[in-house]
Amino acid sequence: MIKPDAVKAGNIGNILQMINAAGFRIVAMKYTHLTMDTAGKFYEVHKERPFYGELCEFMSSGPIVAAILEKENAVADFRTLIGATNPANAEEGTIRKKYATSIGENAVHGSDSDENAIIEGNFFFNGLERF
Ligand code: CMP
């Protein structure tokens, strides 16, 4: 997902270019706007965390780009490409180092396992939206 901060800052194109250059194939893509309710469902796994409310407020504060990406070793390679959750700890050349401003407003989200990638892909896309 490209998060509301990166969309607002005009970085959709820059981020997609980095994703393409890293060898990911786009299987599905959507420009949409989460509500508090849908953001809450997407991040349900974090429901007990102290930042959950803030996270849902932020994720519903503006449009996002959701995508399914395909590549060998996609989950691990995408996490390498995006960098650490907190941009202060992100490696040079990563998406978050370039475009994130804080741990909350960190430009992009990537699935943390193959299992969650399937769940998160199904959250946004049906079978007719994948190519
Ligand atoms: P993401 O990869 O989308 O997964 C969960 C998100 O919660 C994470 O990126 C951060 O944006 C957010 N998050 C994690 N820790 C904090 C925190 N301490 N304060 C605010 N947001 C956080």
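The values are calculated or read from the model by the stated rules, or taken from the named source; none is laboratory data. Since this is a predicted model, take the numbers as computed values, not measurements. Here the Cβ positions follow ideal geometry from the backbone for every residue, glycine too, while neighbour counts run over all protein chains shown. Ligands, DNA and RNA are excluded from the accessible area calculation, which covers all protein heavy atoms including side chains. Shrake-Rupley method; radii C 1.70, N 1.55, O 1.52, S 1.80 Å.
Based on this model, can you work out whether residue 54 counts as farther than 25 Å from residue 128 by Cβ, surrounded by fewer than 18 Cβ atoms within 10 Å (Cβ to Cβ), modelled with pLDDT of 95 or more and touching a Gly at 6+ places or on another chain (Cβ under 8 Å)?
Numbers: farther than 25 Å from residue 128 by Cβ: yes; surrounded by fewer than 18 Cβ atoms within 10 Å (Cβ to Cβ): yes; modelled with pLDDT of 95 or more: yes; touching a Gly at 6+ places or on another chain (Cβ under 8 Å): yes.
Criteria met by residue 54.
On the given criteria, is residue 106 polar (S, T, N, Q) and out of contact with any helix residue (DSSP H, G or I) (no Cβ under 7 Å at 6 or more places or on another chain)?
On the way: polar (S, T, N, Q): yes; out of contact with any helix residue (DSSP H, G or I) (no Cβ under 7 Å at 6 or more places or on another chain): no.
No: the conditions fail for residue 106.
Among the residues of segment 100-127, write down those that are of a type in the set (A, V, I, L, M, F, W, C), surrounded by fewer than 17 Cβ atoms within 10 Å (Cβ to Cβ) and part of a loop (DSSP other than H, G, I, E, B).
Looking only at segment 100-127, we keep the residues that are of a type in the set (A, V, I, L, M, F, W, C), and these are 100, 103, 107-108, 117-119, 123-125.
Still in the list and also surrounded by fewer than 17 Cβ atoms within 10 Å (Cβ to Cβ): 103, 118-119, 123.
Across segment 100-127, the qualifying residue is only 103.
Please tell me if residue 94 is exposed (fewer than 13 other Cβ atoms within 10 Å of the Cβ) and either modelled with pLDDT of 95 or more or within 11 Å of the ligand (Cβ to nearest atom) (or both).
Working: exposed (fewer than 13 other Cβ atoms within 10 Å of the Cβ): no; either modelled with pLDDT of 95 or more or within 11 Å of the ligand (Cβ to nearest atom) (or both): yes.
When the stated conditions are applied, residue 94 does not pass them.
List the pairs whose first member sits in segment 94-120 and is more than 26 Å from residue 130 (Cα to Cα), whose second member is more than 8 Å from the ligand (Cβ to nearest atom) and open to solvent by 80 Å² or more (accessible area, probe 1.4 Å), and whose Cβ atoms are under 7 Å apart, counting only residues at least 6 apart or on separate chains?
Hits for this filter: 97/91.
Could you please let me know if residue 24 is at pLDDT 95 or above, over 19 Å from residue 100 (Cα atoms) and buried (at least 16 other Cβ atoms within 10 Å of the Cβ)? Steps first, please.
Details: at pLDDT 95 or above: yes; over 19 Å from residue 100 (Cα atoms): yes; buried (at least 16 other Cβ atoms within 10 Å of the Cβ): yes.
So residue 24 fits the description; yes.
Is it the case that segment 20-28 has a residue that's in contact (Cβ under 8 Å) with a residue 60 or more places away in the chain and either within 13 Å of the ligand (Cβ to nearest atom) or over 28 Å from residue 131 (Cβ atoms) (or both)? First the steps, then the outcome.
The initial filter retains those residues of segment 20-28 that are in contact (Cβ under 8 Å) with a residue 60 or more places away in the chain, namely 27-28.
Of the ones still in play, those that are also either within 13 Å of the ligand (Cβ to nearest atom) or over 28 Å from residue 131 (Cβ atoms) (or both) are none.
No: segment 20-28 contains no residue that is in contact (Cβ under 8 Å) with a residue 60 or more places away in the chain and either within 13 Å of the ligand (Cβ to nearest atom) or over 28 Å from residue 131 (Cβ atoms) (or both).
Considering only residues that are within 13 Å of the ligand (Cβ to nearest atom) and acidic (Asp, Glu), which ones fall in segment 100-127?
The answer is 105, 112, 120.
Would you confirm, using the coordinates I've provided, whether residue 74 is within 25 Å of residue 129 (Cα to Cα), of a type outside the set (Asp, Glu) and over 13 Å from the mean Cα position of the chain (by Cα)? Let's see the steps before the verdict.
Values: within 25 Å of residue 129 (Cα to Cα): yes; of a type outside the set (Asp, Glu): yes; over 13 Å from the mean Cα position of the chain (by Cα): yes.
Criteria met by residue 74.
When residues of segment 82-107 are filtered for being of a type outside the set (Gly, Ala, Ser) and under 22 Å from residue 50 (Cβ atoms), how many remain?
At the first step, the residues of segment 82-107 found to be of a type outside the set (Gly, Ala, Ser) are 82, 85-87, 89, 91-92, 94-99, 101, 103, 105-106.
Still in the running and under 22 Å from residue 50 (Cβ atoms): 85-87, 89, 96, 101, 103, 105-106.
The qualifying residues number 9.
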